[in-house]
Amino acid sequence: MSEQVIEMTSRPGVQADELPLNLKIGMAVVIAWVLLAVLAPWVTPADPNALDLDNVLQPPGAAGLMGTDQVGRDVFTRVVFAARIDLWIGFAGVVLPLLIGVTAGLFSGYFGGAADALLMRVVDITLAFPFFVLVLAIVAALGPGVGNLIIALALVGWVSYARLVRAEVMVIRNAEYIQAVRTLGFNRFYILFRHVMPNAMAPVIVYAMTDMLLVILAGAGLGFIGLGVQPPTAEWGAMIADGQPYIEEAWWISLFPGLAAISFGIGLSLIGDGLARMLRVSN
Amino acid sequence: MRISVMFLALMLTSIGSIASADESPPGSRPDIIRIASGSRTLTLDPTRSWNSGDIETFGQLYSRLFRRDQAGNLQPGLAERWEMSADARTYTFHLRDARFSDGTPITADDVRFTLLRMRDDPEALYSEPVSGVVDVVAVDQRTVRVMLAEPNVPFLDTLEVCFLGITSRADVENRGPGKAFTEHPVTSGPYRVREWKPGDRLVLEANPYYWREGFPRNGGAELIEVIDANTRIAMLLAGEVDAIRQLGWSRAESFRAQGKVSVPLEPANLIWLILLNHAQPPFDDLRVRQAAALALDRQAMARVVLRNLGRVANTTMPASLDHHLADFPGWPYDLERARQLMAEAGAAGHEVVINIAAPSPQMELIGLILQAQWADIGLKTRIVKMDQGQEVQRLMDGDYNASINWWYNENPDPDLALRWAVCGSCGNRAYYTNYSNKEVDRLIAEAAREPDPALRRVLYQRVQRISTEEVAQIPLFYPPWVNAYSHAIEGLGMTPALQWTLENARHLR
């Protein structure tokens, strides 16, 4: 403990050149995907939904970097365009539950009482279901599509953030510095958002990275079983499923979206690891 | 009290299981044929369904007055002999000495009950085959007389269809159709039901009273529902099942080349098509239907989707049926004319909802191509994937614009086929498209009365020409059945009428 305290005093802030290696690699991968997604129309050679029935199931090479699929669409183009959808699902599917969950957790943990008890029972009930099963059930009820998928992810995902933040807040609210500001007579909402929240956010940010991975996998998983993004829109999971009947003769249809999802997932978990290490140091 | 009742129930079930275990002598395991199909068994009552999963099972449970042999010829079934009156309106059938699976004799009264139940029961889904029956009389125990309103040339063929399997009057009336067709139905075919787990499997055992000597050649069968094609394939390769339905067109070639299983591409009375709802815009307008047909490059579709396993369909009727209009060109791919027709109709920009029964990679692929090719003529499309049952319901309710679909015919005669597909006054509103042309209906009725095959041919070909030109539906292609079989069995196949030749099947030892 004393070592860490010394470290902290000797390094008031973390400099960019001292970022953990895995964080740097992760950031590079994720930023690369974000750039690809944003620049999709300019970096791809074709229209992602244009059929070419004269050039179906062409292997990677002359017909395109990653070949063509069962209706002659360029697989590389679709993998890149799919990143737009999958990244959006990952972003919206984390930000929304994060906002809801953090707010709920802050109030619940700081004020306690009956509202806290009620909220935590809701959290318990939601957590009693396996994540994927509950998302699946909600999407099945609302109807397939990206919008409904994000709603389902928000409805299920916020509970983890709420619980995480609540636990942190319950520790922080009794800390001496909080008692100090309270004694000084600051408004309790001011205390909550200015002093409690910033100190409770570290584990949330780390968790958000792993959560984004989970959310993208859920999006791809639902796409795979046909409840996610609807055709002809490209999405990694749906593309993997589309290629399944052709796996013996045209492996590239499924392989490349699969590799894309894996690389992005690895990028996210490296960031998660890196952030965890970094924030523990600065704690 | 509650406990003692439960105890009693437990005792009864244990006695039951001991009794059934006693039935098969130790040491000789019965030869069970296992088949995985993507189609569901929804009912065991032959009057209540035209769903493909049920059609696959009806024939295994119920014998008809006639049967079809391996070569496709009509043979005596429960009717040993028959006579037709001079005016061709009265048929007399002499039944053979046959029994139901509960050991009771199959009588003229049961035949009467079966035919009239199909005709009169308001819940009967497909009464068209017996719509011309005026009355059925049980002359004596084993003689039954059927009176028709007018001569019906294909009537004997019609009596062979799986929906007219003979059921036990005594049992259906005693237990009521609800119970009689769910809990161990009394059957007249090669099998009886050992256990039915809806949504999972139908377990069949040989019917000891089956009238065909020496059949079935196996001890029973399991019809297992496996919705996902990949799972079916994995099960077949692992030896968990002996045969699978619907291998998937994209896989037929590579599986044939590998040779690990047999993929015979069996001929089928089958047509894949797009149903259009004529009762709603935009497809109430003939020009839009024609444009929709002209905008499809069906040659390319047959190559990409069907992998050239079958031909492009040129008429509204399956090509394997008698009197198919083979030299008719059908609808070509002509984008320019299609656009012109769309402009004339002022229908560009219309949104069309296409229903698809999921999961079906083939239908989804067709949907994708439809979407792209109809976009070329300004038809916007939205593809809605739904459960098989829901898709059928929407179709029957007329709640759709277009539906990617298929149907098959029970026999090689065009009569039932055209009544099913293009007849507006034959009970199903021309396969729920609401297509209706009085002349077509009249020609179909006339052809059924016409004894001269050459004249019937002319009539049926006119029906095909008219209904195709009016785009009653958009015919796509004529595929074969693409089932896969293990090399460890023999005798199992599928007839053009979607019937497993299950009673002939056995494991090679």
So, in Å, what gap is there between the alpha-carbon centers of the range A:82-96 and the range B:210-265? 41
Pair B:Leu455, B:Glu183: separation of 7 Å Cα→Cβ label points (nm): 5.5
Pairing rule first: another cysteine's C-beta must sit under 4.7 Å. Under that rule, which cysteines of the protein assembly as shown stay single? B:Cys162
Determine, for B:His324, B:His507, the number of other Cβ atoms within 10 Å of each Cβ, and report the residues in order from fewest to most. B:His507, B:His324
Students often forget the sequence filter, so: which aspartates and glutamates lie under 12 Å Cα-Cα from B:Lys197 once same-chain residues fewer than 8 apart are removed? B:Glu183, B:Glu222, B:Glu225
Amide H neighbours of B:Leu78 at under 5 Å, excluding residues fewer than 5 places away on the same chain, with H built from the backbone geometry, are B:Arg64, B:Leu65, B:Phe66
Multiply the residue separation of A:Val38 and A:Ser269 by 0.36 nm, subtract the distance between their alpha-carbon atoms, and state the gained length in nm to one decimal. 81.0 nm
Dividing the mean separation of Cα pairs under 8 Å (6+ apart) by the residue count of the range B:213-321 yields a relative contact order in percent of 23
Each residue of the range B:53-69 in order: what ³J(HN,Hα) in whole Hz does its phi give by Karplus 6.51 cos²θ - 1.76 cosθ + 1.60, θ = phi - 60°, with x for Gly and Pro? x, 6, 4, 4, 9, 3, x, 6, 9, 10, 7, 10, 5, 10, 9, 10, 7
Measuring from its Cα centre, chain A shows a charge dipole (+1 at each Lys and Arg Cβ, -1 at each Asp and Glu Cβ) which, in debye to the nearest 20, is 1260
Proxy reagent accessibility, fewest Cβ within 10 Å first, across B:Phe255, A:Phe91: A:Phe91, B:Phe255
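Only helices at least 18 Å long along their axis, Cα-based, and averaging -1.0 or more on Kyte-Doolittle count here, so list those DSSP H runs from chain A.
For chain A, where a helix must reach 18 Å along its axis and average at least -1.0, the hits are A:21-38, A:75-111, A:113-128, A:146-172, A:197-224, A:252-282.
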What ranking of B:Leu498, B:Leu116 emerges when the number of other C-beta atoms within 10 Å of each C-beta is taken as an exposure proxy, fewest first? B:Leu116, B:Leu498
Env charge @ A:Ala37, Cβ radius under 9 Å, K,R +1 / D,E -1, value 0
Say the dipole of the protein assembly as shown comes from +1 at the beta carbon of Lys and Arg and -1 at that of Asp and Glu; which of B:Ser436, B:Asn355, B:Ser188 then lies farthest toward its positive end? B:Asn355
Hey, which aspartates and glutamates would be in cross-link range of B:Lys438, C-alpha to C-alpha under 20 Å, not counting anything within fewer than 8 residues on its own chain? B:Glu128, B:Glu150, B:Asp284, B:Asp285, B:Asp415, B:Glu446, B:Glu450, B:Glu469, B:Glu470
Once you mark the GluC sites (Glu not before Pro) that are in a DSSP loop and have at most 10 other Cβ atoms within 10 Å, what is the longest gap between them in chain B? B:214-509
Residue-count net charge about B:Arg142 - beta-carbon cut-off 11 Å; Lys, Arg +1, Asp, Glu -1: -3
How far is it, in nm, from the label point at B:Arg96 to the one at B:Glu490 when both lie 7 Å from their Cα along the line to the Cβ? 2.3
Chain B, helix-only ellipticity at 222 nm - DSSP H runs n ≥ 4, -39,500 (n - 2.57), divided by all residues, nearest 500: -10500 deg cm²/dmol
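I'd like the mean, over residues of B:84-97, of how many other protein chain beta carbons sit within 10 Å of each residue's own Cβ.
0
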At B:Ile466 and A:Leu184, where each label point lies 7 Å from the Cα along Cα→Cβ, what is the point-to-point distance in nanometres? 9.3
Quick query: amide H of B:Arg212 versus all other amide H atoms, modeled in the peptide plane; which residues come in under 5 Å with a sequence gap of 5 or more or a different chain? none
Gain in span if fully extended, B:Gln393 to B:Glu173, counting 0.36 nm per residue against the direct Cα distance: 76.3 nm
Please give the FRET efficiency for B:Thr231 paired with B:Gln280, using the beta carbon to beta carbon distance and R0 = 45 Å, rounded to the nearest 0.05. 0.75
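How much net charge surrounds B:Glu83 when only other residues with a Cβ under 13 Å from its Cβ are counted (Lys, Arg +1; Asp, Glu -1)?
Combined, the nearby Lys, Arg, Asp and Glu give +1.
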Amide H contacts of B:Asp387 (H built 1.01 Å from N, under 5 Å, at least 5 apart or other chain): B:Ala358
Reachable aspartates and glutamates from B:Lys260, criterion Cα separation under 13 angstrom, eight or more residues apart if same chain: B:Asp242
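FYI, it's all coordinate maths here, none of it is from the lab. Keep in mind that what you see is a predicted model, and the values were worked out from it rather than measured. With ideal geometry, Cβ positions are generated from the backbone for all residues, glycine too; neighbour counts draw on all protein chains shown.
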